[in-house]
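Scroll down for the structure; my scribbles are underneath it.
The values are calculated or read from the model by the stated rules, or taken from the named source; none is laboratory data. Since the structure is predicted, the reported quantities are computational estimates derived from the model, not experimental observations. Counting neighbours? That spans all protein chains shown, and the Cβs are built from the backbone with ideal geometry, glycine included.
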Amino acid sequence: MTDNIHTGHLPFAARRVDAHAVKDTTEMVAVEVPVALSYNGVSHAVMMATPRDLEDFAIGFSLSEGIVQDRDEISEIEQRSEGDGITLALRVTERRMAELRERRRALTGRTGCGLCGAESLQQAIRPVARVSASVSATPAAIHEGFAQLAREQALNRITGAVHAASLNGEGFNLVREDVGRHNALDKLIGAMQRGGRREGFLLVTSRASYEMVHKAASANIALMAAISAPTSLAIELARQAGITLIGLARGGSLTVYTQARGLVQV
């Protein structure tokens, strides 16, 4: 891999065509590489991701996927470049590693699953944490948050190809970007842990899917707003978790799908 791959973008020769001319150009393209996560020397998952903020990603993925319950259960994160990809080697407590081994045993002998390790439909839909945080926001604050997020999406401004997730709180705005919407949220959750930023509302530049709501609940986020619409399962999960779920937050309007905690002041 080239040294500048960690900027998250690389130049590629391209040809731009419009109604008036054909022009050779150089385009900055978002980098996407395989990122492998291993725990105590055991390979666990490979994600396609943007190679920036990878320590945040390792922490956030481990927390949002339930591999650890607390940041302190991760004692070491080593990042290694290997061929065309990157390995994040984490060391976790023996208790969490034993639990992970049990989860991995569920994969043995199975083929072609959409939710790996799930033996039944009941197991496929993981229990969700009930949030204890209480956050409120006005529609104006949410729209301004998205406007600020657009201004702070440095990588997307260069490439036009990445998602972002941000936590907006009193006097701060924490942003992480990635080619994958789940990865961007995992990176944000990791950054929240490392930076001590916990209270605020979440904005995502994607649809609100089941996985996104589940990850938000794991981080005790009480209000989540998405540019696109939610899925039915995301709405049900948000109700169970006590999350205020907002979708279609664009063009000066938004739609509130659940109002359990963090009531939007309309």
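Results, tabulated for the structure shown:
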item	result
Some residue of region 193-203 being part of a helix (DSSP H, G or I), in contact with a helix residue (DSSP H, G or I) (Cβ under 8 Å, 6 or more places away or on another chain) and not hydroxyl-bearing (Ser, Thr, Tyr)	yes
Among (1) farther than 26 Å from Ile77 by Cβ; (2) at pLDDT below 95, the one test that Glu211 misses	(1)
Test for Ser62: is it touching a strand residue (DSSP E or B) at 6+ places or on another chain (Cβ under 8 Å), assigned to a strand (DSSP E or B) and small (Gly, Ala, Ser)	no
Condition met for Ala118 (out of contact with any Gly (no Cβ under 6 Å at 6 or more places or on another chain), at pLDDT 95 or above and of a type in the set (A, V, I, L, M, F, W, C))	no
Only one of Ala58, Ala45 that is closer than 27 Å to Gly195 by Cα and in contact (Cβ under 8 Å) with a residue 40 or more places away in the chain	Ala58
Flag for Ile189 being in a helix (DSSP H, G or I), assigned by TED's automatic domain parsing to the domain that holds Ala165, under 18 Å from Gly66 (Cβ atoms) and in contact with a strand residue (DSSP E or B) (Cβ under 9 Å, 6 or more places away or on another chain)	yes
Residue in region 247-259 that is polar (S, T, N, Q), touching a Phe, Trp or Tyr at 6+ places or on another chain (Cβ under 8 Å) and surrounded by fewer than 22 Cβ atoms within 10 Å (Cβ to Cβ) present	no
Any hit, region 131-144, residues being farther than 14 Å from Asp53 by Cβ, assigned to a helix (DSSP H, G or I) and under 16 Å from the mean Cα position of the chain (by Cα)	no
